[in-house]
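Comments concern the structure below.
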Amino acid sequence: MSNSNSHSHINWTSGLSLPQQQSGPVTEGFCSELCGPAMSASSRGPSRNTGQRSKTTTPPLASPSTSSASGVRAKPSDKLNPKTIDPFAESQRSPSAFAAIYSKGGIPCRLVHGSVKHKLQWERPPETIPFEPLLINLAEGLRETRHPYTFVSQEGFKELLMVPGAAEKALPLLPKLAAALKPALVHSDGAVFEKGLNGLVQLSAVVGPALNIHLKNLLTSLSKRLMDKKHKDSVTTALQKLEHYGGKHKKIKTAEVINYHQKKALVWSLKGVNPSGP
């Protein structure tokens, strides 16, 4: 009985010679035959594929040159101009000459806001202030389009011409004043043109015929505005006042200059031509 049991437990592996484990292509081929491709791949272990997977799955870090906080991808040209600014931005725009003088205290008056009407407060009586360069700076400020420079320049120019002895102080400055008023009279903004027109009439009322010699260059801008319905009435009234204050001069008559430019503007309007010169 014992012999039969001993024969029943037969060592089936005694006659089977298993191949020894080898390295290299032979082992890989054997594993692929017995276990299939999946088992053979796992038997290789984490070799070169692990490093390749880590390289492909890890996203590249965004560099400052290719992205920004706003999410806008940088352009290749940004490398050439890394700090380019917008020259037309309001914050980057350089202040005008009048604004710079005003901020430095060169205009001895300040705007006082009232509940109904604004007014100027002078640091000292205006009659004690020299006209040069203050009156010239105020004339240049008439081209301003921002507050408070618009009010300060317009009101300051008018009040300074109202002080006693203004004619004697303004006469030596007429060439500079005429040049300072010119930019406002040729300005594309209608409000700026009206300020320059009022300033010209105020100056003519103070100095009289002495301004006539400088009107040739200034009345050209007025003649162009005669064809604009928005300014036709104001220009016509200003021309009449200039003729009244100018009177007669030994070299030039204001009426002749006005009539000449009125006729020239009339011819332009009939021809439908936009004038670009005198």
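The values are calculated or read from the model by the stated rules, or taken from the named source; none is laboratory data. These numbers come from a predicted model, not from an experiment. Backbone-built Cβ (ideal geometry, glycine too); neighbour counts: all protein chains shown. The area values use the complete protein model at the heavy-atom level, side chains included, leaving out ligands, DNA and RNA. Shrake-Rupley method; radii C 1.70, N 1.55, O 1.52, S 1.80 Å.
Report, ordered by the first and then the second residue, all pairs with beta carbons closer than 8 Å, sequence separation of six or more or different chains, a first member in segment 117-143 that is more than 17 Å from M162 (Cβ to Cβ), and a second member that is open to solvent by 80 Å² or more (accessible area, probe 1.4 Å) and modelled with pLDDT under 95. Listed by first residue and then by second, the contacts come to E123/R110. Every condition in (1) open to solvent by less than 40 Å² (accessible area, probe 1.4 Å); (2) more than 19 Å from A99 (Cα to Cα) is met by L171 except one, and the failing one is (1). Criterion applied to K195, K251, K264, K229 was being at pLDDT below 95 and in a helix (DSSP H, G or I), and the one residue passing it is K264.
Scanning segment 174-192 for residues that are assigned to a helix (DSSP H, G or I) and surrounded by 14 or more Cβ atoms within 10 Å (Cβ to Cβ) turns up L174, K176, L177, A178, A179, A180, L181, K182, P183, A184, L185, V192. Within segment 203-223, residues that are in contact (Cβ under 8 Å) with a residue 40 or more places away in the chain and within 17 Å of A139 (Cα to Cα) sit with their Cβ atoms under 9 Å from residues that are part of a helix (DSSP H, G or I) and among the charged types (D, E, K, R), at 6+ positions apart or across chains, in these pairs: S204/K241; A205/K241; L218/K182. Collect the residues in segment 145-160 that are open to solvent by 10 Å² or more (accessible area, probe 1.4 Å) and either assigned to a helix (DSSP H, G or I) or modelled with pLDDT of 95 or more (or both), keeping them in residue-number order. Y149, T150, F151, Q154, E155, K158, E159, listed by residue number.
When you look at S221, is it of a type in the set (S, T, N, Q), over 19 Å from G247 (Cβ atoms), out of contact with any strand residue (DSSP E or B) (no Cβ under 7 Å at 6 or more places or on another chain) and not in a helix (DSSP H, G or I), yes or no? First the steps, then the outcome.
On the way: of a type in the set (S, T, N, Q): yes; over 19 Å from G247 (Cβ atoms): yes; out of contact with any strand residue (DSSP E or B) (no Cβ under 7 Å at 6 or more places or on another chain): yes; not in a helix (DSSP H, G or I): no.
Here the answer is no, as S221 does not meet what is asked.
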